[in-house]
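Below is one structure; the comments refer to it alone.
The values are calculated or read from the model by the stated rules, or taken from the named source; none is laboratory data. Keep in mind the model is a prediction, meaning the values are calculated, not measured. Note that each Cβ is placed from the backbone with ideal geometry, even for glycine, and that neighbours are counted across all protein chains shown. Remember, those area values only see protein heavy atoms, side chains included, never the ligands or the DNA or RNA. Shrake-Rupley method; radii C 1.70, N 1.55, O 1.52, S 1.80 Å.
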Amino acid sequence: MKLLRYSIFFLLFLCISACATIKKQIADNQSSVIKKDSSKIEHTFYLIGDAGNSTLEEDSPALKYLKKHIENASEEATLLFLGDNVYETGIPDKDSKKYPLAKRRIEAQTNVAKQFKGNSIFIPGNHDWYHGLDGLKEKKN
């Protein structure tokens, strides 16, 4: 009984695999559809993460690299900051001695976003949440 069952499965497998071909099959009276050229870039995405490590005097190497590569970006582009925008503990309260450095780090990135011709989006990372929702809200002097 098992031999008969295996024989039937084997014959079925051979019949199905015999129908397979490698080349695209087109009837003689059928024309092949020509696709529209899709080589033109419609939208560009720039992704950067862990960019929040600038010093008080200098932008982080990641931001410097990004600035060079977005100079000629079109309006049909999106710049995504993927978190850890203020390394290492987010933005503390204004009376903290860590506040000036944290403010400088986020301003370094927002300045890049302001110069960018397309859309800019900031996504908070785990380091950005250290001071809760208040640490994510806009800080003004």
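Points worth noting:
- For the stretch 22-41, the condition holds for at least one residue, the condition being that it is out of contact with any Asp or Glu (no Cβ under 6 Å at 6 or more places or on another chain), closer than 30 Å to A113 by Cβ and aliphatic (A, V, I, L, M).
- Just one of the listed residues (E58, E88) is open to solvent by 50 Å² or more (accessible area, probe 1.4 Å), in contact with a His (Cβ under 6 Å, 6 or more places away or on another chain) and within 29 Å of N126 (Cα to Cα), namely E88.
- Qualifying residue in the stretch 34-53 (condition: surrounded by fewer than 10 Cβ atoms within 10 Å (Cβ to Cβ), of a type in the set (V, I, T) and out of contact with any helix residue (DSSP H, G or I) (no Cβ under 8 Å at 6 or more places or on another chain)): yes
- Some residue of the stretch 42-52 being polar (S, T, N, Q), modelled with pLDDT of 85 or more, over 30 Å from D134 (Cβ atoms) and in contact with a Lys or Arg (Cβ under 7 Å, 6 or more places away or on another chain): no
- Test: residue in the stretch 61-80 that is under 26 Å from L133 (Cβ atoms), at pLDDT below 95, of a type outside the set (A, V, I, L, M) and open to solvent by less than 90 Å² (accessible area, probe 1.4 Å): no
- Those residues of the stretch 91-109 which are open to solvent by less than 80 Å² (accessible area, probe 1.4 Å) and in contact with a Phe, Trp or Tyr (Cβ under 8 Å, 6 or more places away or on another chain), in sequence order: I91, P92, R105, Q109
- Residue match in the stretch 22-33 (condition: modelled with pLDDT of 90 or more and open to solvent by 90 Å² or more (accessible area, probe 1.4 Å)): no
- So V86, is it closer than 17 Å to G49 by Cα, at pLDDT 90 or above and of a type in the set (A, V, I, L, M, F, W, C): no
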